[in-house]
1. Would you be able to tell me the number of residues in segment 9-61 that are assigned to a strand (DSSP E or B) and either at pLDDT 95 or above or not polar (S, T, N, Q) (or both)?
2. Tell me, please, whether a residue that is in a loop (DSSP other than H, G, I, E, B), at pLDDT 95 or above and aromatic (F, W, Y) can be found in segment 122-134.
3. Go through (1) in contact with a Lys or Arg (Cβ under 6 Å, 6 or more places away or on another chain); (2) modelled with pLDDT under 95 for E87 and report which single condition fails.
4. What residue, among those in segment 24-34 that are surrounded by fewer than 18 Cβ atoms within 10 Å (Cβ to Cβ) and touching a residue at least 24 places away in the same chain (Cβ under 8 Å), is farthest from P72 (Cα to Cα)?
5. Within segment 142-166, how many residues are surrounded by fewer than 18 Cβ atoms within 10 Å (Cβ to Cβ) and not in a helix (DSSP H, G or I)?
6. Of the residues K191, K214, K198, only one is under 18 Å from V154 (Cβ atoms), in contact (Cβ under 8 Å) with a residue 60 or more places away in the chain and surrounded by fewer than 21 Cβ atoms within 10 Å (Cβ to Cβ); which?
7. Can you name the residue in segment 193-220 that is in a strand (DSSP E or B) and at pLDDT below 95 and is also farthest from the chain's Cα centre (by Cα) among such residues?
8. Considering segment 296-306 alone, what residues qualify as being in contact with a strand residue (DSSP E or B) (Cβ under 8 Å, 6 or more places away or on another chain) and crowded, with 22+ Cβ neighbours inside 10 Å?
Amino acid sequence: MVQEVQGLVSYAQFIAPLCSGISNGTMCCDRTGFRSDICIMKGDVRTHSASSSLFLFTSIKTKSKLPEKIKPYARKWETSVMETVQELNLVSRDVNDEHHYNNSNKNCDVVHRNVPAVFFSTGGYTGNVYHEFNEGIIPLFITSHHFDKKVVFVIVEYRNWWVTKYGDILSQLSDYPPIDFNGDNRTHCFKEAIVGLKIQDELSVDSSLTLGNKTVLDFRNVLDRAYWPRIHGLIRDEEAEFRDSKPKLVIMSRNGSRELVNENRLVKLAEEVGFSVEVLRPDKTTELAKIYRSLNSSDVMIGVHGAAMTHFLFLKPRTVFIQIIPLGTEWAAETYYGEPAKKMRLDSLYDEYGEDDPIIRDPRSFTRKGWNYTKKIYLERQNVTLDLKRFRKPLSRAYVFSQQVINSQ
C-alpha cells in the first residue's frame with residue numbers, strides 16, 4: 001500500500017484534503033467537493049452488506065455521534081440521479097463495548113491484509129458510456145492509481161455486464177477481483193477504506209490535483225496496457241500489410257437521434273479527399289477492445305456529438321478529432337468533449353449545420369429553459385444533414401495534417 005510520496009505527502013491530500021491528517025482508528029469525510037464526497041476509514045474496518053454499513057472498530061475514545069452517510073457516486077450535484085444511488089452507513093464502534101462488538105459482525109470471513117479497499121457505485125447513469133467513464137473509470141483511476149494495483153474494489157450496485165465490459169481496465173488498476181458489496185454477505189475486513197471516488201472535471205485528469213502529477217495521458221496509457229496485448233498481433237499484421245496506405249478515417253455512426261443523414265455521401269467525400277474510411281457502429285454489446293482497435297489505428301475520427309464521442313479516449317495523441325455539433329449543443333460539445341480532447345493532445349476540428357427555423361435561428365432562447373428541455377429538442381429530436389461542400393475544407397485540413405504525422409513517423 002502506498003502511504004507516502006515525496007516525503008510526507010499523503011494520497012489523502014489529493015483525494016480528500018480535509019482528511020490528510022487522518023490517524024489510525026478514525027474516519028473522516030471530506031464533503032467540500034462539488035462533484036463527490038469522499039470518506040476515509042483507517043483501522044479495523046468491516047463490511048456488513050445486510051445493513052449497507054461499514055463498521056470501524058476502535059479503542060480511541062470519541063464523542064458519540066451519528067453514523068456518516070455517503071452515496072459513493074461522483075455526480076453529487078445532480079440530486080435527481082443521486083436519489084437513485086444506494087447510501088452507505090459508516091459507523092464507529094468502541095471495541096471495548098461488548099454489546100456492539102459481539103453483535104456487529106465480530107468475525108472476519110475474509111481478511112484483506114495490508115490491502116485497502118475502494119468503495120464505489122455503478123448505479124446512477126451507468127449504461128451510458130460517457131457516464132461510465134466520466135463518473136466511473138476515470139475517477140477510479142484518480143482515486144486508486146497510487147496503490148500500484150494493491151487495492152480491492154468493492155462495488156455497490158454491482159452489475160455483471162459492467163465488470164465484464166471494463167474488466168481489462170480494472171485488471172490494470174487492481175490485482176484482485178472486484179467484490180459485489182450487496183451480493184456478498186460475508187464480512188470483509190480491511191485496514192483502510194476509501195468510500196467514494198475523486199472526480200476533477202469532465203473526462204479529465206488534472207496533474208496539479210493528482211498524486212504523482214498524473215495526466216489524462218497516463219490514463220490513456222492504462223487503456224493501452226488493458227487492450228494492446230489482445231490486439232497487437234492483428235494491428236502489427238495490418239500495419240505490415242498497409243504500411244504505405246492512405247490515412248485512416250473512422251466515422252462513429254449513430255442510429256436514431258442525431259443520426260448523420262447523409263453519412264454515405266460523407267464516406268464518398270472522405271475517399272475522394274484521400275482517406276481510407278471505416279464506419280464504426282458500436283452498440284451496448286460491442287466489445288471495447290474492438291472499438292479500441294479501430295480508433296487506436298486511426299488518423300482521424302468523426303462523429304456527431306453524443307455519448308459515443310467518449311471513445312476519443314482510445315485515440316493516439318496527434319490524431320484529428322472532428323466533432324459535428326448539432327444546434328443547441330455547443331456548450332455541451334465543447335465542455336464534455338472539446339476541452340478534454342485538447343488535453344489528450346488531439347487536433348480538434350468542429351463543424352455545425354443550420355436551417356431557417358426559430359429553433360435553429362435562436363437556439364439560446366430554448367437552451368436557457370434548462371437541460372431537460374434542451375435534451376428533448378436538440379438531442380432526442382434532431383438528426384444531422386452535413387453540408388458536405390462546406391465540410392470538404394476541414395476534411396482536407398485533417399487529411400494534410402494526418403499525412404504530415406504519418407511522414408514524420
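The values are calculated or read from the model by the stated rules, or taken from the named source; none is laboratory data. No experiment lies behind these values; they were computed from the predicted model shown. No Cβ is skipped: glycine too gets one built from the backbone with ideal geometry, and neighbour counts run over all protein chains shown.
1. Number satisfying all stated conditions: 21.
2. Yes, segment 122-134 has at least one match.
3. Checking E87 against (1) in contact with a Lys or Arg (Cβ under 6 Å, 6 or more places away or on another chain); (2) modelled with pLDDT under 95, the one that fails is (2).
4. If we take residues in segment 24-34 being surrounded by fewer than 18 Cβ atoms within 10 Å (Cβ to Cβ) and touching a residue at least 24 places away in the same chain (Cβ under 8 Å), then G25 is farthest from P72 (Cα to Cα).
5. So the first thing to find is which residues in segment 142-166 are surrounded by fewer than 18 Cβ atoms within 10 Å (Cβ to Cβ), and the list is 148-150, 159-161, 163-164.
When the remaining residues are screened for being not in a helix (DSSP H, G or I), the result is 148-150, 159.
Total satisfying the criteria: 4.
6. Sole residue among the options that is under 18 Å from V154 (Cβ atoms), in contact (Cβ under 8 Å) with a residue 60 or more places away in the chain and surrounded by fewer than 21 Cβ atoms within 10 Å (Cβ to Cβ): K191.
7. Taking segment 193-220 and keeping what is in a strand (DSSP E or B), we get 193-195, 201, 204.
With at pLDDT below 95 added as a condition, the list becomes 201, 204.
Working: D201: 10, S204: 9 Å.
That would be D201.
8. First, the residues of segment 296-306 that are in contact with a strand residue (DSSP E or B) (Cβ under 8 Å, 6 or more places away or on another chain): 297-305.
Listed by number, the residues that qualify are S298, D299, V300, M301, I302, G303, V304, H305.
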